1. Residues that are surrounded by fewer than 24 Cβ atoms within 10 Å (Cβ to Cβ) and among the small types (Gly, Ala, Ser), at least 2 per element: which helices (runs of 4 or more DSSP H) completely within segment 12-97 meet that?
2. So ILE70 clears everything in (1) modelled with pLDDT of 95 or more; (2) of a type in the set (Val, Ile, Thr); (3) in contact with a helix residue (DSSP H, G or I) (Cβ under 7 Å, 6 or more places away or on another chain) except one condition, right? Which one?
3. MET1 versus (1) closer than 19 Å to ALA105 by Cα; (2) under 17 Å from the mean Cα position of the chain (by Cα); (3) surrounded by fewer than 18 Cβ atoms within 10 Å (Cβ to Cβ); (4) of a type in the set (A, V, I, L, M, F, W, C): which is the lone unmet condition?
4. Does any residue in segment 133-161 that is of a type in the set (Asp, Glu) come within less than 6 Å, Cβ to Cβ, of a residue that is modelled with pLDDT of 75 or more and not in a helix (DSSP H, G or I) six or more places away or on a different chain, and which pairs are these?
5. Based on this model, can you work out whether SER158 counts as among the small types (Gly, Ala, Ser), over 17 Å from the mean Cα position of the chain (by Cα) and modelled with pLDDT under 90?
Amino acid sequence: MQFTEMGNMSGKTLMLLPGTCCDWQANFETVIPALSEKYHLICVNYDGFDKNNTIFSDMLSVTGKIEEYILNHHNGRVDGALGSSLGSSFVGQIMMRKNIHIDNAIFGSPDLDQCGIVQAKLQTMLFVPFLTGAAKKKYRRKLLKKMLMQFLEMDEKSAEKFMECFSKFRPESIRNEYYSDLLTWLDEDINVEGTKAHFIYARKMGKKYLERYKRYFHDPDIRGFEIQHEQWLFGNKNLSERVLNTIDDFMGIRV
């Protein structure tokens, strides 16, 4: 695990948790400068996605390491935690487990998929080899790039950057991360005193995700945007500014 602290060290603490097959450098690259001006950032790279030659084991083990770091370095409390996609699963687990305290739990348009062992194995067998194979086979890379640009509305540069992660990290870590995320369940109607759950809702993902957010968390603060999954991180400056202003609002900072 790697924890990098930067930014406005007198500002509110905001932990950044990247998504599937990403380090924080790739995931939050376009918004780190703006966030650094206001927040004391705690940027996390999980086992298997750091530079320590480690392997990602499972979601709960990694969650425990995140909690341990915050306990040891921040007295068990942060002002906010922002999870991108799969990173939101960590935010949800940390909130639910109550081993550390987050004032503002911010979920970046997650899918929050949960399923049983058989389905998780099937999905992993189908999805992960396609991702990792895209780094080695030109036709798969071309197809994946087309899918990212078409369905997630990424521009070409963002799609290329995202695909680089599939060759940068070990297939075992990608597989373990994807598989264990599906098996890491959240309770329904999670309600923690002193913690507010906030959601950046990408309306183009569909209403079923909106219903999940309401089912798993008690009275969540949901802000909708006409975007695809995490599209605000793909380099569109105007869109990024709108979401960043919303994050400031979540965190209690006047825009």
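The values are calculated or read from the model by the stated rules, or taken from the named source; none is laboratory data. Note that the structure is predicted; figures quoted are calculated from it, not measured. Reconstructed Cβ throughout: ideal geometry from the backbone, glycine too, with neighbour counts over all protein chains shown.
1. Values: elements: 24-27, 32-38, 59-74, 87-97.
Result: 32-38, 59-74.
2. Only one criterion in (1) modelled with pLDDT of 95 or more; (2) of a type in the set (Val, Ile, Thr); (3) in contact with a helix residue (DSSP H, G or I) (Cβ under 7 Å, 6 or more places away or on another chain) is unmet by ILE70, namely (3).
3. Status for MET1: all satisfied but (1).
4. Every condition considered, the pairs that remain are GLU153/GLN228.
5. On the way: among the small types (Gly, Ala, Ser): yes; over 17 Å from the mean Cα position of the chain (by Cα): no; modelled with pLDDT under 90: yes.
Against the criterion (among the small types (Gly, Ala, Ser), over 17 Å from the mean Cα position of the chain (by Cα) and modelled with pLDDT under 90), SER158 does not qualify.
Yes/no matrix, rows are residues, columns are (1) at pLDDT 95 or above; (2) farther than 24 Å from LEU183 by Cα; (3) touching a helix residue (DSSP H, G or I) at 6+ places or on another chain (Cβ under 7 Å); (4) among the β-branched types (Val, Ile, Thr):
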{"residue": "ASN8", "(1), (2), (3), (4)": "yes, yes, yes, no"}
{"residue": "MET15", "(1), (2), (3), (4)": "yes, no, no, no"}
{"residue": "ILE32", "(1), (2), (3), (4)": "yes, yes, no, yes"}
{"residue": "HIS40", "(1), (2), (3), (4)": "yes, yes, no, no"}
{"residue": "GLY48", "(1), (2), (3), (4)": "yes, no, yes, no"}
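This table checks each residue for (1) in contact with a helix residue (DSSP H, G or I) (Cβ under 6 Å, 6 or more places away or on another chain); (2) modelled with pLDDT under 85; (3) among the hydrophobic types (A, V, I, L, M, F, W, C); (4) at positive phi.
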position	(1), (2), (3), (4)
PHE130	no, yes, yes, no
ARG140	yes, yes, no, no
LEU144	yes, yes, yes, no
MET147	no, yes, yes, no
GLU164	no, yes, no, no
SER180	yes, no, no, no
GLU193	no, no, no, no
MET205	no, no, yes, no
LYS208	no, no, no, no
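Each row is one residue, and each column tells you yes or no for (1) buried (at least 19 other Cβ atoms within 10 Å of the Cβ); (2) closer than 17 Å to SER84 by Cα; (3) in contact with a Lys or Arg (Cβ under 9 Å, 6 or more places away or on another chain); (4) not aliphatic (A, V, I, L, M).
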position: CYS165; (1), (2), (3), (4): yes, yes, no, yes
position: PRO171; (1), (2), (3), (4): no, no, no, yes
position: ALA202; (1), (2), (3), (4): yes, yes, no, no
position: GLU211; (1), (2), (3), (4): no, no, no, yes
position: LYS214; (1), (2), (3), (4): no, no, no, yes
position: LYS237; (1), (2), (3), (4): no, no, no, yes
position: GLU241; (1), (2), (3), (4): no, yes, no, yes
position: THR246; (1), (2), (3), (4): no, yes, yes, yes
position: PHE250; (1), (2), (3), (4): yes, yes, yes, yes
